[in-house]
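> Before anything else, here's the structure in question.
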Amino acid sequence: MAGPEYTDVEKPFIDQLVGQGWEFLAGSVDDPAVTHRESFAQVVMEPLLRERLRAINLRDGKPWLNEARLDQAVSAITRLPASKVLEANRLATELLLGGLPVEGLEGWDGGRGQNLRFIDWETPANNVFTVVNQFKVKCPPGHDAWKGHVIPDLVLFVNGIPLVVVECKSRTVPEGISDA
């Protein structure tokens, strides 16, 4: 049975997002495949990301990204060359805002490199907005808490990339912020 945290906070927030065009995906603490992942160590919904990269990076209205370029893009956003969280956030933000330079195609734009976009900032309707509840993530080595994982109440994704993490607390919890 759902408690007040879910019924009073989490569910109304999900409903509001769905009303604004977000897709809702119920998470699972047992099966990462439910959220388009092979393992709980992954945080990006890679199949969705690959599909959106193809859809928003077009040449003459048609997809042009091959598997090598898609692999390069996925690697760039999932394997940030940073050892500290702040640096990783800065690098990810640069990629999301500025894109990723990739090798161009012969016969297109003089063969010049192209800028691959992760998010279509000019036409937001071209993006897929997803809210997932109970999104289990395995903690990286060295950060393993006593549980070895975290399960945020809600994670908001754009094109399969997590951008917002929300921990919901009922208004009846006396120390909700510190508890979160």
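The values are calculated or read from the model by the stated rules, or taken from the named source; none is laboratory data. Treat the numbers as computed from the prediction; the structure is a model and nothing was measured. Ideal geometry is used to build each Cβ from the backbone, glycine not excepted, and the neighbour counts take in all protein chains shown. The accessibility values were calculated without ligands, DNA or RNA, using every heavy atom of the protein model including side chains. Shrake-Rupley method; radii C 1.70, N 1.55, O 1.52, S 1.80 Å.
> Going by alpha carbons, how many degrees (0 to 90, nearest 10) lie between the helix axis of 46-56 and the longest principal axis of the chain?
With both axes taken from Cα atoms, the answer is about 50 degrees.
> Let me ask something additional. So how far, in whole Å, is the C-alpha centre of the stretch 7-21 from the one of the stretch 56-129?
30
> With θ set to phi - 60° and the Karplus curve 6.51 cos²θ - 1.76 cosθ + 1.60, what are the ³J(HN,Hα) couplings of the stretch 157-172 in order, to the nearest whole Hz, using x for Gly and Pro?
Each residue's phi maps through the Karplus curve to give 10, 10, 6, x, 9, x, 10, 9, 10, 10, 10, 8, 9, 5, 5, 7 Hz.
> If you don't mind, there's one more thing I want to ask. Run the reach check for Lys62 against lysines, Cα to Cα strictly under 26 Å, same-chain hits fewer than 8 apart removed. What comes back?
none
> Right, next: Quick one: angle between helix 67-78 and the longest Cα principal axis of the chain, in degrees between 0 and 90, rounded to 10, please.
40
> Now for a separate question. Quick one: angle between helix 85-98 and the longest Cα principal axis of the chain, in degrees between 0 and 90, rounded to 10, please.
With rounding to tens, the tilt is 50 degrees.
> Which whole-number percent is the relative contact order of the chain (Cα, under 8 Å, 6+ apart)?
Computed over the chain, the figure is 27 percent.
> Still on this structure, please answer the following. Is any residue of the stretch 1-44 close enough, with backbone N under 16 Å, to a label point placed 7 angstrom from the Cα of Val164 along the Cα-Cβ axis, and if so, which?
9-25
> What longest range of the chain stays clear of loop-exposed GluC sites (Glu not before Pro) (DSSP non-H/G/I/E/B, at most 16 other C-beta within 10 angstrom)? Kindly include the intermediate steps, with their values, before the conclusion.
On the way: sites that count: Glu38, Glu103, Glu106, Glu122, Glu167, Glu175.
Longest stretch, sites excluded: 39-102.
> Roughly speaking, what % of Cα-Cα pairs in the stretch 1-55 are separated by over 14 Å, rounded to a whole number?
So the pairs more than 14 Å apart make up 66 percent of the total in the stretch 1-55.
> While we're here: For the chain, with only Lys/Arg (+1) and Asp/Glu (-1) charged at the beta-carbon, what is the dipole magnitude about the Cα centre, in debye rounded to 20?
300
> Rolling a 1.4 Å sphere over the protein heavy atoms, what is the accessible area per residue of the chain, to the nearest Å²?
On the way: 10720 Å² over 180 residues.
Dividing the accessible area of the chain by its residue count gives 60 Å².
> Once you've got the Cα coordinates, tell me which of Lys11/Lys169; Lys11/Lys147; Lys84/Lys169; Lys84/Lys136 are over 20 Å apart.
Beyond 20 Å: Lys11/Lys147; Lys84/Lys169; Lys84/Lys136.
> Just the number, please: Stokes-Einstein D of the stretch 69-176 in µm²/s, Kirkwood Rh from C-alpha pairs, 20 °C, 1.002 mPa s.
The estimated diffusion coefficient comes to 129 µm²/s.
> Another question, then. Using R₀ = 35 Å, calculate the FRET efficiency as 1/(1 + (r/R₀)^6) where r is the Cβ-Cβ separation of Arg90 and Thr7; round to 0.05.
Details: r = 38 Å, r/R0 = 1.08.
For R0 = 35 Å, the calculated efficiency reads 0.40.
> What do you get for Rg/Rh of the chain when both radii come from the Cα atoms and Rh is the Kirkwood radius?
Reported Rg/Rh (Cα atoms, Kirkwood Rh): 1.02.
> Taking 7 Å along the Cα-to-C-beta vector as the label spot, tell me the Asn66-Glu122 distance in nanometres, rounded to one decimal.
2.6
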